[in-house]
Amino acid sequence: MLASLDLPITLDSRLGPVVLRRAGLADLDALMALLSDDPISASRGDVASVDDEPAYRAALAEIVGDPGNDLLVVVDGDGDGDGDGRLVATMQLTRIPGMARRGSTRLLVEAVRVRSDLRSAGIGGAMMRWVTDVAAPTLGSTLVQLTSDAARVDAHRFYERLGFAGSHIGFKYRVPSSGGDGRG
């Protein structure tokens, strides 16, 4: 975990106050449902099948067990600020020390998802402002980067409104399955 990040924290949204906190095993079912709520993710196999639970459980354990990674969730308020409300959003952060840019450290933001019925409620914006204003400086990152599927035109406009600039063309190579799940 990126332990130096002071969490949980309350973020403001048009939905009202929401809590950003670290994900835990108790969030697994809601995380699976959130991933399947996205049509692009669903087309890649994220369909919240109970058969896939062991793979998601292993991934969650690996992410939270790696000090360079963190999986965060946003929950709506249940009034007491403890972060036990409904899970409404998620994102993964990865700190990447590097040689390029004179030894700059990057903060990679991946798998940003907001529940489809709550998009445009300011949750994603609050999450990303926290990343750029709080998480990146706390972690010593000089660059926040993310990738977004070419089909996510609305997401691209969202990131540009927040000050992100399209700067690179990404490439992926799907490794043939050799006993693993073969997804990518």
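The values are calculated or read from the model by the stated rules, or taken from the named source; none is laboratory data. What you see is a predicted model, and the numbers here were worked out from it, not measured in a lab. Note that we place each Cβ from the backbone using ideal geometry, even for glycine, and neighbour counts take in every protein chain shown.
The table that follows gives values for the structure above.
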{"quantity": "Per-region count, the range 28-47, residues within 13 Å of Asp149 (Cβ to Cβ) and hydroxyl-bearing (Ser, Thr, Tyr)", "calculated": "2"}
{"quantity": "Candidate set: the range 39-51, residues that are within 28 Å of Val153 (Cβ to Cβ) and either touching a strand residue (DSSP E or B) at 6+ places or on another chain (Cβ under 6 Å) or assigned to a helix (DSSP H, G or I) (or both); chosen: the one modelled with the highest pLDDT", "calculated": "Ser41"}
{"quantity": "Wholly within the range 78-182, helices (runs of 4 or more DSSP H) carrying at least 1 residues that are within 17 Å of Asp12 (Cα to Cα) and either touching a Cys at 6+ places or on another chain (Cβ under 9 Å) or at pLDDT 90 or above (or both)", "calculated": "123-130"}
{"quantity": "Residue count, the range 34-57 (criterion: surrounded by fewer than 17 Cβ atoms within 10 Å (Cβ to Cβ) and closer than 27 Å to Leu139 by Cα)", "calculated": "1"}
{"quantity": "Verdict on Ala89 being touching a residue at least 40 places away in the same chain (Cβ under 8 Å), farther than 24 Å from Thr138 by Cβ and under 15 Å from the mean Cα position of the chain (by Cα)", "calculated": "no"}
{"quantity": "Every pair of residues 6+ apart whose Cβ atoms lie under 8 Å, when the first sits in the range 1-28 and is within 22 Å of Gly68 (Cα to Cα) and without any contact (Cβ under 8 Å) to a residue 40 or more places away in the chain while the second is assigned to a helix (DSSP H, G or I) and among the charged types (D, E, K, R)", "calculated": "Leu25/Arg57; Leu28/Glu53; Leu28/Arg57"}
{"quantity": "Residue that is out of contact with any Gly (no Cβ under 9 Å at 6 or more places or on another chain) and loosely packed, with under 14 Cβ neighbours inside 10 Å, where the choices are Leu31, Leu25", "calculated": "Leu25"}
